[in-house]
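Engineer: Below are the structure tokens for one structure; questions will follow.
The values are calculated or read from the model by the stated rules, or taken from the named source; none is laboratory data. Just so we're clear, the structure is a prediction, and the values are computed from it rather than from any experiment. Note that each Cβ is placed from the backbone with ideal geometry, even for glycine, and that neighbours are counted across all protein chains shown. Note: accessible area is taken over every heavy atom of the protein model, side chains too, but ligands, DNA and RNA are not part of it. Shrake-Rupley method; radii C 1.70, N 1.55, O 1.52, S 1.80 Å.
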Amino acid sequence: MSREPLRRPLSREVIVETAMDVLRKDGVEGLSMRRLATELGTGPATLYAHVAHKEQLVGLLFDEVAAEIPLPEPDPARWREQVTRLWVDTRSTLLRYRDIARASLGAAPAGPHAAAVTEVTMRLLRMGGVPDRSIAWAVDVVGLYVAASAVEGATEGRRRELGREPGRHHAGELAELVARLPAERFPTVVAVLPLIAEGSDEERFRFGLELLVNGLAQLADQ
């Protein structure tokens, strides 16, 4: 079966734009160089002249997504509020593109847009008096927290699309787990575990951010 001819000249920009469409539909796992070549009406080998491999392509996509994260004008008097809002907005932006957050796990912000987010984050923490080494480690730790939360949120969204039950915060599954545990051996788990299902994903995410930001504020006071 012959492919449709290319609708416009192939370039890295065209490849990324088309890959973004695939990402919105099927996520990172649904993206492959072969799938992308089919969408563009060409062969996979043609793509490698512009993008070396899928990992590089996903990195380019992540940076495109990072460009949509709203960046505040840093205000020293509001650094805690602003950095919290920045991390909330980062998670929300990542969630709009399914599981793209996977690309940030274990990876440095290589693209200019992702680097801009890191720059503003570090500047806010520095304005708050957080020591430089703590800033460096915090960006890594909080980045992992935000990305992991976004990946979990994307997974839950996919489960809902497929008509499946929610995952680890599903109250019914937690109740079944608690019922199987002997209360005399695990009294604290039996008492506390059901509370995990309380509140929304957003509320639990903000709770985690409060713990992290409050800890950073204590470092700033030392």
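Engineer: Go through segment 34-88 and count every residue that is farther than 30 Å from N214 by Cβ and of a type in the set (S, T, N, Q).
Structural biologist: Here the count works out to 4.
Engineer: Follow-up question, since we're still on this one. Return the total of residues in segment 38-71 being of a type in the set (G, A, S) and within 26 Å of the chain's Cα centre (by Cα). Outline the logic, then answer.
Structural biologist: Taking segment 38-71 and keeping what is of a type in the set (G, A, S), we get 41, 43, 45, 49, 52, 59, 66-67.
Among the residues that remain, those that are also within 26 Å of the chain's Cα centre (by Cα) are: 52, 59, 66-67.
Of the residues in that region, 4 qualify.
Engineer: While we're looking at this one, here's another question. Right, R91: open to solvent by 20 Å² or more (accessible area, probe 1.4 Å), touching a residue at least 12 places away in the same chain (Cβ under 8 Å), of a type in the set (D, E, K, R) and out of contact with any Asp or Glu (no Cβ under 8 Å at 6 or more places or on another chain) or not? Explain how you work it out, then say what you get.
Structural biologist: Numbers: open to solvent by 20 Å² or more (accessible area, probe 1.4 Å): no; touching a residue at least 12 places away in the same chain (Cβ under 8 Å): yes; of a type in the set (D, E, K, R): yes; out of contact with any Asp or Glu (no Cβ under 8 Å at 6 or more places or on another chain): yes.
No.
Engineer: Further question on the same structure: For segment 106-125, which positions are open to solvent by less than 80 Å² (accessible area, probe 1.4 Å) and not hydrophobic (A, V, I, L, M, F, W, C)?
Structural biologist: Once the filter is applied, which keeps residues that are open to solvent by less than 80 Å² (accessible area, probe 1.4 Å) and not hydrophobic (A, V, I, L, M, F, W, C), segment 106-125 yields P109, G111, H113, T118, T121.
Engineer: Against the condition touching a residue at least 40 places away in the same chain (Cβ under 8 Å) and open to solvent by 40 Å² or more (accessible area, probe 1.4 Å), how does E29 come out, does it pass?
Structural biologist: Yes.
Engineer: Being more than 30 Å from G128 (Cα to Cα) and either in contact with a Cys (Cβ under 6 Å, 6 or more places away or on another chain) or polar (S, T, N, Q) (or both), is that true of even one residue in segment 14-35?
Structural biologist: Within segment 14-35, one or more residues are more than 30 Å from G128 (Cα to Cα) and either in contact with a Cys (Cβ under 6 Å, 6 or more places away or on another chain) or polar (S, T, N, Q) (or both).
Engineer: Still on this model: Could you grab me the full set of residues in segment 65-85 that are surrounded by 20 or more Cβ atoms within 10 Å (Cβ to Cβ), of a type outside the set (V, I, T) and closer than 27 Å to R158 by Cβ?
Structural biologist: Within segment 65-85, A66 is the sole residue that qualifies.
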